[in-house]
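Undergrad: The following block contains the structure, expressed as structure tokens.
The values are calculated or read from the model by the stated rules, or taken from the named source; none is laboratory data. Being a predicted model, the structure only gives us computed values, none of them experimental. A quick note on method: Cβ atoms are made from the backbone with ideal geometry, for glycine too, and the neighbour counts reach across all protein chains shown. These accessible areas exclude ligands, DNA and RNA; they are computed on the full protein's heavy atoms, side chains included. Shrake-Rupley method; radii C 1.70, N 1.55, O 1.52, S 1.80 Å.
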There are 2 protein chains.
Amino acid sequence: MSSQPPHPTVLIPGPIEFDDEVLQAMSTPSESHVGMPFVNIFGDTLTMLRRLFMTENPGSQPIVLSGSGTLGWDVVSANLVEPGDDVLVLHSGYFGDSFADCLATYGANPTQLKAPIGSRPSPEEIEKALSAKRYKMITVTHTDTSTGVLSDPREVAEIVRKVSPGTLVVVDGVCSVGCEEIRFDDWGLDVVLTASQKAIGAPAGLSIMMLSQRAVDTFKSRKVPPGSYFASLKNWLPIMQNYEAKKPSYFATPSPQLVRALNVSLKQILSRPLEERFEQHRVASRKVKDAVARLGLQQLAANPAHQANGMTAIWLPEGMTPADVLPHAAKLDVVFAGGLHREIATRYIRIGSMGVSVTNPKLGHIDKAIKALESGLMAAGYQIP
Amino acid sequence: MSSQPPHPTVLIPGPIEFDDEVLQAMSTPSESHVGMPFVNIFGDTLTMLRRLFMTENPGSQPIVLSGSGTLGWDVVSANLVEPGDDVLVLHSGYFGDSFADCLATYGANPTQLKAPIGSRPSPEEIEKALSAKRYKMITVTHTDTSTGVLSDPREVAEIVRKVSPGTLVVVDGVCSVGCEEIRFDDWGLDVVLTASQKAIGAPAGLSIMMLSQRAVDTFKSRKVPPGSYFASLKNWLPIMQNYEAKKPSYFATPSPQLVRALNVSLKQILSRPLEERFEQHRVASRKVKDAVARLGLQQLAANPAHQANGMTAIWLPEGMTPADVLPHAAKLDVVFAGGLHREIATRYIRIGSMGVSVTNPKLGHIDKAIKALESGLMAAGYQIP
């Protein structure tokens, strides 16, 4: 059925399993990064991102760079805030700390609104914080990959409009774009940043983002130059605009193979209604989460309304570590992830449910995951209650 | 013979044509970036880079990041110099200007020693500049891809040792690593940075570098934190050291497919003596340059000792532009590059001679290039003198 060689099924919260056609695009023979065949592909890819992010505003700016998802934080921190600017970072796990570190690196002044592990800041807390001080920007991790906590960017943007309309709304969508509903225009977002290797379903290596007209204007009215060179919008905006206009352009060499894989993946995603895709991810995620409950286990995200649809983070039974469970799952040819949140890394595991593993039920990946979880726990000595 | 679908032969100064096995590695199915199969591959890749750069000093530090070659400038500029530090930038084309821009972005104070187009700063000029002022760092573009001018990092390092031994020697080897001789230890270099898509022969998308113990120590004794997050050695040094020690580690998700392609390419390169590889590049380049002379044309790099072996930059006949010649070459299924140096971009073309196109003569790429150059010029109305 698949043209891929046999391999363990990767069900971690990214990188995820690939569709055959996406993976084949990675083996596209060499081509010039400024030749028209590639320029056309790159241009179409940028335009398709507008549809994925649900933005029709021509002032919105899609960006695709060679790099990890992390690079998106540098683009935000080096271009959209200036030294001394206050930023409110909504913390729902590890990635809030890291984004705050990145902001501070470029001279911004991040304040973290931290929730207990498995939770997220409440609307009341966010409103209070935004009312108490003028923030240039607020950041929210849509799905924190370390905890599986889902935040609500729409709600955050609504609070911002109510109490601090001048504040830029930045969504870290690394683990959400392609599996969680995101309506860039409708919700009034200013930045959504993501990466290629999660629910978008392409191999790792691309940093992907959408900027609003307001974000671009904020960049253009900077008083000091951007704090990065490789992540500078001064260097990249004209290049992205040229590629989308199908004009060859050069700042740094893009990766034709990765961009072609992304192109194929976006075509597949957009060939069906996005709402259907989101629903498929809700259903698959529900299936995993129901199994976790049946096994008598808890998720890090206790509140069902705060549980991501692209992944599930599961507390292990008392005294059990990922090293007890994951090798057993591996024997069933399934790769899960251990913990990532520093304070509790040895006490939980993570299961991804994104992309083809969800949209192509014939692959049977979700059922396989549930079986591997069950067997892994039992082999590690767990008694299902 | 090749498993690749028919496609025009890409003979630009990067990206270059791929070996079949390298390209196949790009279609490796998904795997965890912290699973042992990938950790072992990444670790071996870092260790092989030591051999490619000819360093046996255990204090040398190989680094591989998702990004374009340009990202290497950010790593240097954000980590190895501090705001206010003076840097001497040896300019032999477009890339000197860009590196200087990058250094200035992070607060360093670059002084460019500029040579006329097609030339490079002389040893006397370099010695004079280094004697006149204390520079924290000197940078040299080994091959400037915009001009095809080859510099001499060994000579530069010798001058530094003589007149300013405390100065770090940084080589931009984007267009030279893998095709020009570079002896990291013997020459006393502190940084050589490169990218995956040139003479190393892997697809674009990886920034690759080697740091000396002295460069690492310089970083460790910084007074202020690094000026970048994604390019921060504070974030990456432990990760690279863990990968090379075959220990899973995470800062930002690497690209398993690109790293596997790099791994295959390095294995191929190191399976034969490097000196043989450099000689093959000298011979192939000589063949192109002899043909250029036979056609009565000049190279941008007038002095034969200053001509790169991985590429050739050729002045077009008076009044002719790349747009007159390249489409005719394309009809013969060969892709050349236009000019890149801003002041003269419409007056010259560039031909790459790197990687499999050189090391696998059975492919016939160099002969094909010469024929396409000849036919392209004639079709554009040129009369061979």
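Undergrad: Mean separation of Cα pairs under 8 Å and 6+ residues apart, divided by the residue count of segment B:167-273: what relative contact order is that in percent?
TA: So the answer I get is 22 percent.
Undergrad: Right, another one. Would any residue of segment A:16-59 have its amide N under 15 Å from a label point 7 Å out along Cα→Cβ of A:Asn360? List them or say none.
TA: A:16-26, by backbone N distance to the label point.
Undergrad: Can you tell me, using C-alpha contacts under 8 Å and at least 6 residues apart, the relative contact order of segment B:1-145 as a whole percent? Walk me through the numbers before you get to the answer.
TA: Details: 136 pairs, mean separation 28.5, N = 145.
Relative contact order of segment B:1-145: 20 percent.
Undergrad: What residues in segment B:100-129 lose 30 Å² or more of accessible surface when the other protein chains are added to their chain alone (1.4 Å probe)?
TA: Buried-area filter returns B:Thr105.
Undergrad: Same structure again: How crowded by other chains is B:58-71, given as the mean number of beta carbons from other chains within 10 Å of each beta carbon?
TA: On the way: counts 0, 0, 0, 0, 0, 0, 0, 4, 15, 11, 10, 4, 7, 8.
Taking all residues of B:58-71 together, the mean is 4.
Undergrad: Right, next: Over both sides of the A-B contact, add up the buried accessible area with a 1.4 Å probe and give it to the nearest 100 Å². It would help to have the intermediate numbers written out before the result.
TA: Working: alone 15300 and 15320 Å², together 26790 Å².
Summed over both sides, the interface buries about 3800 Å².
Undergrad: At 1.4 Å probe size, with no ligands or nucleic acids counted, give the accessible surface of A:Lys198 in Å², nearest ten.
TA: 20 Å²
Undergrad: In addition: Could you tell me which helices of chain B pass both thresholds, a Cα extent of 18 Å or more along their own axis and a mean Kyte-Doolittle hydropathy of at least 0.0, with helices taken as whole DSSP H runs?
TA: Details: long enough: B:36-52 (24 Å, 0.59); B:256-270 (21 Å, 0.57); B:274-294 (30 Å, -1.08); B:365-379 (20 Å, 0.31).
In chain B, the long hydrophobic H runs are B:36-52, B:256-270, B:365-379.
Undergrad: Computed FRET efficiency, Cβ-Cβ of A:Asp152 and A:Glu343, R0 25 Å: what is it to the nearest 0.05?
TA: Computed FRET efficiency for A:Asp152 and A:Glu343 comes out at 0.55.
Undergrad: As an exercise, use a Förster radius of 45 Å and the Cβ-Cβ distance of B:Lys128 and B:Lys247 to find the FRET efficiency, rounded to the nearest 0.05.
TA: Values: r = 48 Å, r/R0 = 1.07.
After rounding, the FRET efficiency stands at 0.40.
Undergrad: Ok, one more. Which distances, shortest first and in nm, link B:Asp152 to the matching position in the other copies, using label points set 7 Å out along Cα to C-beta?
TA: The projected label point of B:Asp152 is separated from its counterparts by 7.0 nm.
Undergrad: Nm distances between the label at A:Val163 and the same-position labels in the remaining copies, 7 Å along Cα→Cβ, shortest first?
TA: With the label placed 7 Å along Cα→Cβ, A:Val163 yields 6.3 nm.
Undergrad: What lysines does A:Lys114 reach when the alpha-carbon gap must be under 17 Å and sequence neighbours fewer than 8 apart in one chain are set aside?
TA: Hits, sequence-local ones excluded: A:Lys128, A:Lys133.
Undergrad: What nm distance separates the two modelled labels at A:Thr321 and B:Asn57, each placed 7 Å from Cα along Cα→Cβ?
TA: 3.7 nm
Undergrad: Another question about this same structure. How shielded is B:30-40 by partner chains, expressed as the average number of their Cβ atoms within 10 Å of its Cβ atoms? All intermediate terms of the calculation are to be shown ahead of the outcome.
TA: On the way: counts 21, 6, 10, 8, 5, 7, 1, 3, 1, 0, 0.
Averaged over the peptide's residues, the number is 6.
Undergrad: Further question on the same structure: For the pair A:Gln213 and B:Ala330, what calculated FRET efficiency results from E = 1/(1 + (r/R0)^6), where r is the Cβ-Cβ distance and R0 = 51 Å, to the nearest 0.05?
TA: Values: r = 38 Å, r/R0 = 0.75.
That gives a FRET efficiency of 0.85.
Undergrad: One decimal, nm, shortest first: give the distances between the label point of B:Glu318 and those of the same position in the other copies, each label point 7 Å from Cα along Cα→Cβ.
TA: Sorted ascending, the copy-to-copy spacings read 9.3 nm.
Undergrad: Could you sort B:Leu150, A:Leu11 by their accessible area in this structure, using a 1.4 Å probe and putting the largest first? Show your work: numbers first, answer last.
TA: Numbers: B:Leu150 25, A:Leu11 5 Å².
From most exposed to least exposed: B:Leu150, A:Leu11.
Undergrad: Which whole number gives the average count of other chain Cβ atoms within 10 Å of the Cβ atoms across peptide B:335-347?
TA: Values: counts 6, 1, 4, 3, 0, 2, 0, 0, 0, 0, 0, 0, 0.
Going residue by residue through B:335-347 and averaging, the value is 1.
Undergrad: Can you give the three extents of the C-alpha atoms in segment A:20-270 along their principal axes, from longest to shortest, in whole Å?
TA: Its Cα atoms span 54, 39, 30 Å along the three principal axes.
Undergrad: Here's a follow-up. Given Cα pairs under 8 Å that are at least 6 residues apart, what percent is the relative contact order of chain B?
TA: 24 percent
Undergrad: Let me ask something else about it. Starting from the Cα of B:Lys368, draw a straight line to each of the aspartates and glutamates and keep only those under 14 Å, dropping any in the same chain fewer than 8 residues away.
TA: B:Glu17, B:Asp333
Undergrad: Tally Lys and Arg at +1 and Asp and Glu at -1 over the other residues with C-beta under 12 Å from the C-beta of A:Leu363: what net charge comes out? Intermediate values should be presented prior to the final figure.
TA: Values: positive: A:Lys362, A:Lys368; negative: A:Glu17, A:Asp19, A:Asp20, A:Asp367.
Around A:Leu363, the charge tally is -2.
Undergrad: Still on this structure, I have one more. With a ≥ b ≥ c taken as the square roots of the eigenvalues of the C-alpha gyration tensor of segment A:46-184, please select rounded if a/c is under 1.5 and otherwise prolate if a/b is larger than b/c or oblate if it is not?
TA: On the way: a/c = 1.29, a/b = 1.24, b/c = 1.04.
Because its axes are fairly even, with a/c under 1.5, segment A:46-184 counts as rounded.
Undergrad: Now for a separate question. Would you tell me the accessible area of B:Ile384, worked out with a 1.4 angstrom probe on the heavy atoms of the protein chains, in Å² to the nearest 10?
TA: 70 Å²
Undergrad: Hey, another quick one. Can you list the lysines whose alpha carbon sits under 21 Å from that of B:Lys267, skipping same-chain ones fewer than 8 residues off?
TA: Straight-distance partners of B:Lys267: B:Lys198, B:Lys246, B:Lys362.
Undergrad: Continuing with this model, one more query. For segment B:20-270, what is the accessible area per residue in Å², given a 1.4 Å probe and the full set of protein chains? Intermediate values should be presented prior to the final figure.
TA: Working: 7300 Å² over 251 residues.
Here the residues of segment B:20-270 average 29 Å² of exposed surface.
Undergrad: What ranking of B:Val34, A:Val177, B:Val264 comes out by heavy-atom accessible area, probe 1.4 Å, highest first? Mind showing how you got there, number by number?
TA: On the way: B:Val34 55, A:Val177 5, B:Val264 25 Å².
So the residues, ranked largest to smallest area, are B:Val34, B:Val264, A:Val177.
Undergrad: Right, something else. Computing the accessible area with a 1.4 Å probe over protein heavy atoms, can you report the carbon and sulfur percentage for chain B?
TA: Values: 7040 of 13400 Å².
Looking at chain B in its full context, I get 53 percent from C and S.
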